[in-house]
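First comes the structure, then the notes that go with it.
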Amino acid sequence: MNVKTLGKQITALRREKGVTQEELAKYIGVSAQAVSKWENGGAPDVELLPKIADFFAVPIDALFGRDVTSYEDPRLAMVKRLINTPESEKFKVAFDYCWDINRSLMPGIIAKFFTGVNDTVDFMAERMKPGEQHFSSIRNNYGFTMAGLGTRQEYFLIVPEPKDANAAYLDGIDYPAFFAHLADPDVFNTCVLAYKRHHKNAFTADLLVKNLGISQEKAKEVLQILVKYEILGTGKVEIDGEIQSTYHCYPEATFMAMLIFAREIIDKTHMGSYLANTRTKPYWK
């Protein structure tokens, strides 16, 4: 085992990832002093090598500076790392991977230039001011990405080019009717009200009357619209000898995602990171 190469590789991978010796040590389950010793000529115990490789999402061979042409092991390492990450940190780690995917989709020579550049999520976030938001988008004839990075909202979307764009986006969908309903403040505010409630807590039209200050007739109209789009579910319950309609909301991520992208249209983020538009064809015909 080439100890010096191993130490240099751990140092290089750690710096490329933008993590401290303490963060690496915490994941491996050793002291920061142990990591420092490795990077200065020492060597970790053999049984620690798989966990070190998992942390950096590389095969063990890469720790010794060996060039690896197979992409299977790094993908498995990523999966293993996410599985072994505490639940409270999984989405953060996953978003770090997504941000790196987005960077790597930059056009050819530019992507190669950014390989290894220390523009990790944490690195950039540390340099952002409160309320600052960056956006990123890679667009070409094979699909597009949208990503947000900052203190307002982080997100990532990747959309491979569909075989039939018209069928994927337009055919059979009455967008004007949906957006007309959503443009009604009572409909929109009911969605927000429903998403604030625990999904196990059912409610009646009286909740809308009380919280939105609308009539029973308007409340029932709004509820019928949201049931139509399956934003709300409905049931029946007997109260004081009368059967009343009840409603419940099992919040779907699609509504939250719609708000994210609607805000990007309304309140544009003008600070871009990793922007590339080489697309030459329209999105649909």
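Name the pairs whose Cβ atoms lie under 8 Å apart, with the first residue in the stretch 87-99 and more than 21 Å from Tyr274 (Cα to Cα), the second crowded, with 16+ Cβ neighbours inside 10 Å, and 6 or more positions between them or separate chains?
Correct list of pairs: Lys90/Leu82.
In the list Thr11, Thr20, which residue meets the criterion of being open to solvent by less than 40 Å² (accessible area, probe 1.4 Å), within 22 Å of Pro74 (Cα to Cα) and among the polar types (S, T, N, Q)?
Only one candidate passes the filter, namely Thr11.
Condition check ((1) surrounded by 15 or more Cβ atoms within 10 Å (Cβ to Cβ); (2) modelled with pLDDT of 95 or more; (3) over 26 Å from the mean Cα position of the chain (by Cα)) across all residues:
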residue	(1), (2), (3)
Ile158	no, yes, no
Lys163	no, no, no
Gly172	no, no, yes
Tyr175	no, yes, no
Leu182	yes, yes, no
Asn201	no, no, yes
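Any idea how many residues of the stretch 130-156 are of a type in the set (S, T, N, Q) and open to solvent by 50 Å² or more (accessible area, probe 1.4 Å)?
Residues that pass the stated criteria total 2.
Restricting the search to the stretch 208-230, which residues are open to solvent by 30 Å² or more (accessible area, probe 1.4 Å), under 16 Å from Pro185 (Cα atoms), in contact (Cβ under 8 Å) with a residue 12 or more places away in the chain and not charged (D, E, K, R)?
Asn211, Leu212
Scanning the stretch 29-42 for residues that are among the hydrophobic types (A, V, I, L, M, F, W, C) and crowded, with 16+ Cβ neighbours inside 10 Å, which turns out farthest from Lys4 (Cα to Cα)?
Val30
Please work out which residue is farthest from the chain's Cα centre (by Cα), limiting yourself to the stretch 32-89 and to residues that are polar (S, T, N, Q) and modelled with pLDDT under 85.
Thr69
The values are calculated or read from the model by the stated rules, or taken from the named source; none is laboratory data. The structure presented is a predicted model; accordingly, all values stated were derived computationally and were not measured. Neighbour counts run over all protein chains shown; Cβ positions are idealised from the backbone, glycine included. Accessible surface is based on the protein model in full, side chains and every heavy atom, while ligands, DNA and RNA are left aside. Shrake-Rupley method; radii C 1.70, N 1.55, O 1.52, S 1.80 Å.
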